[in-house]
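The block underneath contains the structure these notes are about, expressed in structure tokens.
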Amino acid sequence: MGSKVALVTGAGSGIGRAVAVALARAGYQVAVAGRRAAPLEETAAAAGGQVLVVPADVTDEVAVRNMVARTVERWGRLDLVFNNAGTAAPPAPVDELPVEAWRRVIDTNLTGVFLVAQAAFRAMKAQQPQGGRIINNGSIAAATPRPHMAAYTASKHAVTGLTKTIALEGRRCNIACGQIDIGNVQTNLGIAMQSGTLQADFTLKPEPTFDVQHVAEAVLYMAGLPLSANVLNMTVMATTMPFVGRG
């Protein structure tokens, strides 16, 4: 068997782009997915090597099935999925959060993660040799909320349950599933952390961030394990961020 085949969702920017580039440079054949083609092409150019651009909306079941099918058609199998696509609603108190915003976050962060994992699981179960690895992108919010982030927090807590379920059911067909929870990574989405973020006491304070490359290296470590070993959950965060003992 040649190089391992990886699929990265939300690969047009930030964490997804950094992980896709790192995987490609490590010798993986990488399919990059996201809603818009242009940012994916930029990721592919940065990665070099064998990169397949597959525009897809993870909330669309048919698009997700086609995304996985195109990856398998290109390289014959699927060894790794970094299930990264996600979104957040504008901060709002729980009693003021519009239900439309709630549904949009749940559709992407939970249903989208489920649809990608389901399609990948089916492909990994059917291929020979059987098996593969699914890594879900959780968040610090999968364990501890921030104020005014109810939809995001609920979606990420649910991803943890989904990760554990896939890890359990994957045992019979050599499919490993783990989760990486990331706190205050320095991407475009991390700008607010440095300018001031709502704290548990409802004050605004800047928070430290760390380089996204460390996330890519952590995912590479998780991905590089034999399928007989699994990182079920890993937290990577800025050392001095207010998380341990928060509130």
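Quote the FRET efficiency, to the nearest 0.05, computed for Glu217 versus Ala126 with a Förster distance R0 of 35 Å and r equal to the Cβ-Cβ distance. Present the calculation step by step, with values, prior to reporting the outcome.
On the way: r = 31 Å, r/R0 = 0.89.
E between Glu217 and Ala126, to the nearest 0.05, is 0.65.
Only beta bridges with both residues in the stretch 1-87 are counted; by DSSP, about 0 percent of them are antiparallel.
With Cα atoms as the point set, the stretch 1-108 shows a radius of gyration and Dmax of 15.3, 54 Å. Rg/Rh for the stretch 103-205 stands at 1.08; both radii use Cα atoms, and Rh follows the Kirkwood definition.
Simple spin-label estimate for Val99 and Lys205 gives 3.7 nm between the two label positions (7 Å along the Cα-to-Cβ direction from each Cα).
If you find the alpha carbon centre of the stretch 108-148 and of the stretch 27-96, how far apart are they in angstrom? Between the Cα centres of the stretch 108-148 and the stretch 27-96 lies a distance of 12 Å.
Let me check I've understood the local charge: for Gly138, count other residues with C-beta under 15 angstrom from its C-beta, Lys and Arg +1, Asp and Glu -1. What total comes out? Walk me through the numbers on the way to the answer.
Values: positive: Arg146, Lys156, Lys164; negative: Asp181.
Residues near Gly138 contribute +2 overall.
Amide H contacts of Thr235 (H built 1.01 Å from N, in plane; Pro and chain starts excluded): Asp181 sit under 5 Å, all sequence-distant by 5 or more or on other chains.
Counting DSSP beta bridges with both partners in the chain, what percentage is antiparallel, nearest 5? Don't skip to the end; give the middle numbers.
Details: 2 of 31 bridges.
In the chain, approximately 5 percent of DSSP beta bridges are antiparallel ones.
Using Cβ point charges alone (K and R +1, D and E -1), the dipole size of the chain about the Cα centre works out to roughly 700 debye. Measuring max minus min along each principal axis, the C-alpha atoms of the stretch 5-236 give extents of 54, 35, 32 Å (largest first).
Toward the positive end of the charge dipole of the stretch 21-110, about the Cα centre and with charges on Cβ (Lys, Arg +1; Asp, Glu -1), which of Leu97, Phe82, Ala24 goes farthest? It is Ala24, whose Cα lies furthest towards the positive end.
Compute the semi-axes of the equivalent ellipsoid of the stretch 32-76, taking the square root of 5 times each eigenvalue of the Cα gyration tensor, and list them largest first in whole Å.
Numbers: eigenvalues 67, 41, 5 Å².
Ellipsoid semi-axes (Å, largest first): 18, 14, 5.
Bridges between two residues of the stretch 130-209, per DSSP, are antiparallel at a rate of about 25%.
The numbers here are math on the coordinates, done by the rules we state, and not lab data. All values derive from a computational prediction rather than experimental measurement. Virtual Cβ from ideal backbone geometry, glycine too; neighbours counted across all protein chains shown.
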